[in-house]
1. Compute the Kirkwood hydrodynamic radius of segment 101-157, taking the inverse of the mean of 1/r over all pairs of distinct Cα atoms, and give it in Å to one decimal.
2. Report, in deg cm²/dmol and to the nearest 500, the calculated mean residue ellipticity at 222 nm for the chain, where each DSSP H run with n ≥ 4 adds -39500 (n - 2.57) and the sum is divided by the residue count.
3. For Trp96, Trp125, what's the largest-to-smallest order of accessible area, 1.4 Å probe?
4. Using a 7 Å offset from Cα along Cα-Cβ at Glu102, what residues in segment 149-165 end up with backbone N under 17 Å from the label point?
5. Set the Förster distance to 35 Å, then compute FRET efficiency between Arg92 and Arg254 from the Cβ-Cβ distance, nearest 0.05.
6. Between Val174 and Glu261, what is the label-to-label distance in nm when each label sits 7 Å out along the Cα-to-Cβ direction?
7. How much accessible surface area, in Å² rounded to 10, belongs to the heavy atoms of Cys209 with a 1.4 Å probe?
8. Please report the carbon-and-sulfur percent of the accessible area for the chain; probe 1.4 Å, protein heavy atoms only, DNA, RNA and ligands left out.
Amino acid sequence: MNPIIDVQNLTASFKDKKGKTFIRVVNDVSFQVQEEEIFGLLGPNGAGKSSIIRMICGLLIPKSGGIFIKGISYQKRMESLKYISTVLEGNRNLYWRMTVKENISYFAGNRGIQFKEIKDQADEWLRLFGLEEKKSELVGNLSRGMQQKVAITVALCLNTKVILLDEPTLGLDVKTTNELKKILTKIRNEFKKTIIISTHDMKLVEEICDRVVIIDRGKKIVEDTVEKLMELFQIKTYAMSVKGGEISEKKLNRIVRQFPEFSYDSTSGLYRVDISNTTSFYAFIELLKKEKVYIDSIEPDRLDFEKIFTILCERNQVDAVHVQE
Ligand SMILES: Nc1ncnc2c1ncn2[C@@H]1O[C@H](COP(=O)(O)OP(=O)(O)OP(=O)(O)O)[C@@H](O)[C@H]1O
């Protein structure tokens with residue numbers, strides 16, 4: 001199967017603060033995105049995610065490496081860019097003094113699409129986002145979440161196969177984030193779009209991405225399906241309640257000293273622990289016995305992607321540094 005986006009040995013550099021030396025902020029990164037995939041570009045702050053997104057959408061020129069969009073090389077940029085639309089971080093690709101409709105019309109016009117051609121479609125997307133009433137509202141008067149939805153609507157109205165989203169959940173509340181997750185999944189499933197999401201929102205990746213590339217300080221540290229990454233680590237997470245409800249602080253500290261992952265979740269009132277193998281599970285139970293902590297109930301809990309992300313980044317600490325050129 002041919003990838004719709006093929007990124008090969010991509011490198012980008014910026015001058016350092018003093019403007020003297022170049023620092024490589026994206027270092028030999030390669031990955032492929034298949035059609036109709038939701039693909040995550042995950043990494044901590046400053047990892048290089050936005051720089052990669054900017055290079056794919058043509059806003060930043062790579063120092064070296066290749067980007068192929070539907071097999072068309074970056075060098076033939078104009079031709080390849082017709083396949084993608086981009087939603088930049090912080091809704092920077094909207095004009096705040098124009099209405100929702102004017103924004104759609106303006107950006108469609110830039111691609112040679114007349115508003116009347118996409119009017120029905122635009123109404124449909126706005127309905128999906130619950131924004132039909134806001135069509136004539138200035139974008140600057142809308143909430144952050146609404147603006148984000150408008151930015152995605154604009155991208156959808158351009159009718160491209162691929163949509164690049166840079167930090168789509170940044171600054172959104174839980175409810176809007178959940179709505180957005182549903183809509184993005186729907187866009188892929190029903191409208192057969194390919195979606196590339198740059199984010200450090202682990203939950204977003206875990207819940208909606210098929211595959212993910214993790215970038216740390218400019219370097220790719222892993223590329224795999226979210227499922228495989230979760231399986232790769234034989235860590236089991238347990239949630240438990242204890243007799244008497246709570247463990248005293250002294251005991252808790254002693255347990256944490258041996259099992260640093262042991263923690264109390266005040267929302268659920270449960271204790272959580274991550275155990276990596278059978279031996280340590282028995283050692284954990286022995287320790288509780290010694291501390292006279294009696295388990296009331298214990299159940300396997302979901303291991304979240306955040307944990308895996310942390311482990312991968314920690315493993316990468318030694319060899320990943322921003323390279324000076
Ligand atoms: N225009 C620029 N000039 C100089 N340095 C830059 C520029 N843009 C980005 N950088 C640097 O490149 C590195 C990667 O930045 P980038 O924005 O790509 O990371 P990111 O993973 O998207 O981070 P975040 O999650 O914080 O948005 C950072 O060290 C950043 O300071």
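1. 11.2
2. Using -39500 (n - 2.57) per qualifying helix, the result is -11000 deg cm²/dmol.
3. Trp96, Trp125
4. Counting only backbone N, you get 150-151, 154.
5. E(calc), rounded to 0.05, equals 0.10.
6. 2.4
7. In the full protein context, Cys209 sits at about 10 Å².
8. 49
The values are calculated or read from the model by the stated rules, or taken from the named source; none is laboratory data. For clarity, every value in this text was computed on a predicted model and none was experimentally measured. As a convention, Cβ positions derive from the backbone with ideal geometry for all residues, glycine included, and neighbour counts pool all protein chains shown. For accessibility, only protein heavy atoms count, side chains too; no ligands or nucleic acids. Shrake-Rupley method; radii C 1.70, N 1.55, O 1.52, S 1.80 Å.
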